[in-house]
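First the structure, in the form of structure tokens, and then the observations on it.
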Amino acid sequence: MKKLKVGLIGLGQRGRGLLNNILHNSDQAEMAALCDLFPERIQAAVEKVEKSGQPTPMQTSDYMEVVNAGLDAIIVATSWDMHVAVCLAAMKAGVTVAIEVGGTHNIQDCWKLVDCYEETGTPFMFLENCCYNDDELLVTSLVRNGMLGNISYCQGSYCHDLRYEIAGGIDTHHYRLEEYKKHNCENYPTHELGPIAKILHINSGNRFTKLVSMSSKAQGMHEYILKQPKYADRLGDVTFAQGDVTTTMIECENGETILLKLDTTLPRLYERGVTVSGTKGFYCQTTRSVILDSKEYDEGLHGYEKAFGNQDEYKEYLPEEWRVITQEQIDAGHGGMDYVMLKEFFRCVAEKRPMPIDIYDAAAWMSVTALSETSIANGSVPVECPDFTRGKYKTRKTVDVLTLPVVQREKE
Ligand SMILES: NC(=O)c1ccc[n+]([C@@H]2O[C@H](COP(=O)([O-])OP(=O)(O)OC[C@H]3O[C@@H](n4cnc5c(N)ncnc54)[C@H](O)[C@@H]3O)[C@@H](O)[C@H]2O)c1
């Protein structure tokens, strides 16, 4: 197979992680162009590429040079505010483009993405790696195999203590610092919402209809900064707009509801906590448990605890990719999901197959940030979710991100 020539725009924390994974997929892709605003980030990335044995890539601080370089695909890992501009430029130039996760503060951005895609037909992929993670694929597969019955409710969160990253932005230029000063919203919905939206067939017979969002007061960052000699002088006077915990409820046309939680400025465990509740069963990522109604559990409050940690008993529901993954591929980043996702993305580019997470998914998921900001700013009022497919969701048939097995299990 001909190797794809790939450009990477944005060489911060995530760009560096993606670079590792692209180099791990060197049978599929060559790292042909690198772009960032900081020359030292470009230099470090170039050295990594050369060390891996690949030719020295093109280097630039102007993303338009990457767009116009005649590449097979471009990956965008910039700060959130640049995703849409770079993506539109790439689509207009006819270059397959994949963008990193993050929301948008502007609904018009989502419409611009959809309109540009429909005008140009340029392949687009939203790089939501959690859709490729083993837990999320396991529960999707359990749902597709009917194990959990009809789904009524899903929940998920982005709980990640990012105080060091946000405050550290004053030295690293990380965009979250400015974001948290200016905005109060569900700013990072897609890690949990992406897999949930896929489970619920959003944009494929179902859609988000409305949401309501609420934020707690903002105090975590301020208290943290005052305790850090490194930041207290420089950031002690800053007022943060972003509430410590933001909760968002989304209603779907087919009657399911979704609860999202963003919790990034208080001390806490990392947790995505995907939970899926159906008429025959329940999945909980935090306790790694699958609870089936058909199984006997002791009566009482704690009977179901027998299921804690039992999800490994359901490994045959995982897609092939997660049964053959090597330790090296797992270690390449985020426990293997980055490797699995990029492999699939490159396969779709090479074989000109439809992208598993497309522009309509991106628009629906990213728009939650803007809609939640509107809801919170107006006293947590319900806000209508736009239908970015303009009615096509009623008949669209989309596929799961990977082929999921059909499992024949004895009736449990
Ligand atoms: N999928 C994941 O697991 C995951 C994890 C972390 C971050 N991310 C996403 O990755 C993206 C980047 O996050 P990060 O933490 O690496 O941020 P970062 O600030 O560390 O890196 C962003 C980089 O983009 C560069 N950049 C900004 N504007 C640019 C432009 N116009 N042209 C070229 N380069 C430009 C910056 O110089 C910086 O080096 C975000 O969308 C974030 O949500 C995803």
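The values are calculated or read from the model by the stated rules, or taken from the named source; none is laboratory data. Just so it is clear, the model here is predicted, and its values are computed rather than measured. Cβ atoms come from the backbone with ideal geometry, glycine included; neighbour counts cover every protein chain shown.
Overview of values
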read-out: Every residue from segment 41-96 that is acidic (Asp, Glu) and closer than 30 Å to HIS183 by Cα; value: ASP62, ASP81
read-out: Filter result (crowded, with 16+ Cβ neighbours inside 10 Å and outside any loop (DSSP other than H, G, I, E, B)) within segment 223-250; value: TYR224, ILE225, TYR231, LEU235, VAL245, THR246, THR247, THR248, MET249, ILE250
read-out: Sole residue being within 12 Å of the ligand (Cβ to nearest atom) and either in contact with an Asp or Glu (Cβ under 8 Å, 6 or more places away or on another chain) or not aliphatic (A, V, I, L, M) (or both), chosen from GLY169, GLY205; value: GLY169
read-out: Filtered residues of segment 29-58 (kept if in a helix (DSSP H, G or I) and touching a Lys or Arg at 6+ places or on another chain (Cβ under 9 Å)); value: ARG41, ALA44, ALA45, LYS48
read-out: Residue, farthest from the chain's Cα centre (by Cα), within segment 276-288, restricted to residues that are surrounded by 19 or more Cβ atoms within 10 Å (Cβ to Cβ) and touching a residue at least 12 places away in the same chain (Cβ under 8 Å); value: GLY281
read-out: Any chance ALA90 is within 16 Å of the ligand (Cβ to nearest atom), farther than 27 Å from GLU186 by Cα and not in a strand (DSSP E or B); value: yes
read-out: Subset of segment 172-188 that is in a helix (DSSP H, G or I) and more than 12 Å from the ligand (Cβ to nearest atom) - its residue that is surrounded by the most Cβ atoms within 10 Å (Cβ to Cβ); value: TYR180
read-out: Flag for GLU118 being more than 11 Å from the ligand (Cβ to nearest atom) and in a helix (DSSP H, G or I); value: yes
read-out: Condition met for THR247 (assigned by TED's automatic domain parsing to the domain that holds HIS191, in contact with a Lys or Arg (Cβ under 8 Å, 6 or more places away or on another chain) and polar (S, T, N, Q)); value: yes
read-out: Qualifying positions in segment 260-289 - more than 18 Å from THR248 (Cβ to Cβ), touching a Gly at 6+ places or on another chain (Cβ under 7 Å) and outside any loop (DSSP other than H, G, I, E, B); value: GLY278, GLY281, SER289
read-out: Complete set of residues in segment 306-326 that are touching a helix residue (DSSP H, G or I) at 6+ places or on another chain (Cβ under 9 Å) and outside any loop (DSSP other than H, G, I, E, B); value: GLN311, TYR314, LYS315, GLU316, TYR317, GLU321, TRP322, ARG323
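Results for (1) among the hydroxyl-bearing types (Ser, Thr, Tyr); (2) more than 26 Å from THR395 (Cα to Cα), shown as yes or no for each residue.
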position: TYR132; (1), (2): yes, no
position: VAL143; (1), (2): no, no
position: ASN150; (1), (2): no, no
position: VAL212; (1), (2): no, yes
position: ILE225; (1), (2): no, yes
position: ASP237; (1), (2): no, yes
position: GLY243; (1), (2): no, yes
